[in-house]
1. Contact order normalised by length for region 57-97, with contacts defined as Cα pairs under 8 Å and 6 or more residues apart; what percent is it?
2. List Asp257, Asp120, Asp156 from most exposed to least, where exposure is judged by having the fewest other Cβ atoms within 10 Å.
3. Counting only C-alpha contacts under 8 Å and six or more residues apart, can you give the relative contact order of the chain as a whole percent?
4. Return one number: the angle in degrees, 0 to 90 and rounded to the nearest 10, between the long axis of the Cα atoms of helix 95-104 and the longest principal axis of the Cα atoms of the chain.
5. Kirkwood Rh over Cα pairs of region 149-195 into Stokes-Einstein at 37 °C, 0.692 mPa s: D in µm²/s?
6. Once amide H atoms are placed 1.01 Å from N in the peptide plane, what residues at a sequence separation of 5 or more from Gly53, or on another chain, have their amide H within under 5 Å of its amide H?
7. Output the 0 to 90 degree angle, nearest 10, between the alpha-carbon long axis of helix 164-180 and the longest principal axis computed from the alpha carbons of the chain.
8. Using 1/(1 + (r/R0)^6) with R0 = 51 angstrom and r between the beta carbons of Glu75 and Asn192, what's the FRET efficiency to the nearest 0.05?
Amino acid sequence: MSKKTIIFYFSQSGNSLYVAKKLSATMGNTTLISIPEAIYNNQYKYYNYERIGFILPLYFMSMPNMVEEFISKLEIPKDSYIFSIVTRAITKGRIFHDIETMLNKKGAEINYGEYITFPDSYIKWSGAPKEKTLLKVFQQTESHIYSIANRILNEDTYKEKEGFILKLGSLVVYNIWKSRLKSISKSFKVNNFCIGCGICEETCPTRNIKLENGKPIWLSRCEDCMACVQHCPKKAIYFNSRTIYKKRYINPNIKLDELLYRTRKINDYS
Ligand SMILES: Cc1cc2nc3c(=O)[nH]c(=O)nc-3n(C[C@H](O)[C@H](O)[C@H](O)COP(=O)(O)O)c2cc1C
Ligand code: SF4
Ligand code: SF4
């Protein structure tokens, strides 16, 4: 009987969910848990898993707030094999160092940590790539994910290098981003193309959007994940002028339904 694995994932444009699903299919005997759903359910104890994985995007060279909150509260059984796969567009950062620091406080460590490169979900920086580029990216990631799955099954030990200068620079970038998070909700706007479908509300991991008179309003706990902008079927949401003419990106292998929080049954992938 193969060992049991549990993967906790956070994903707003679908790249990290795509990796989680592919790893799960290749490795077998794996349960997938969405981190925002686990937080809403106040669920931080999971038993009988020998391998624990965290699959998440790189956010300003480290991790999304919700991932930090989740890992800091999660109970980790002794002697678990722990892996983290981080999807990113281009840069490295200090994420494995930061996850490891939290795990060390629980007497655990990362046994395997690696990046996989995907299209950028941060539409403020860039829109979706052309079809041809997408095809190429997915050809490369397919074999990369397969090789990682086999290394995890063999319980290899490996962690991406994060040098001192990279870690220091990343800390500055990350802290500046975090200090601005509270005020960014003010910069979202919605135009008259909005049809009141509620997808923006359902796709927001922090429940930061409420529909009022059929139009979204933003509260004050934004993660800056850009899911509301990316998933609006009418491209009615924009962030300043930085997102207006950019092509939206959702991982082509993931259906919108898989990324909605309220319509999906809790733990659909368990
Ligand atoms: C708020 C935010 C910050 C990001 N910061 C970085 C970064 O520092 N370096 C990088 O290479 N990619 C960065 N990205 C791109 C994502 O890490 C990348 O596209 C990831 O695959 C998205 O995963 P998801 O589709 O599972 O949400 C950022 C994206 C967002 C939304
Ligand atoms: S997803 Fe777009 S169209 Fe739907 S309610 Fe939100 S802003 Fe309006
Ligand atoms: S408001 Fe939009 S950008 Fe902010 S957390 Fe929700 S979905 Fe993400």
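Taken together, the values in this text are just the output of simple stated rules run on the coordinates, not laboratory data. Keep in mind that this is a model prediction, so the values were computed, not measured. Cβ placement follows ideal geometry from the backbone for every residue including glycine, while neighbour counts extend to all protein chains displayed.
1. So the answer I get is 67 percent.
2. Final ranking by Cβ density, sparse to dense: Asp257, Asp156, Asp120.
3. Relative CO of the chain lands at 21 percent.
4. The angle comes out at about 60 degrees.
5. 216
6. Residues meeting the criterion, in which the H sits 1.01 Å from N, are Ile6, Ile7, Phe8, Phe83.
7. On a 0 to 90 degree scale, this one is about 40.
8. Step by step, r from the Cβ atoms, then E = 0.60.
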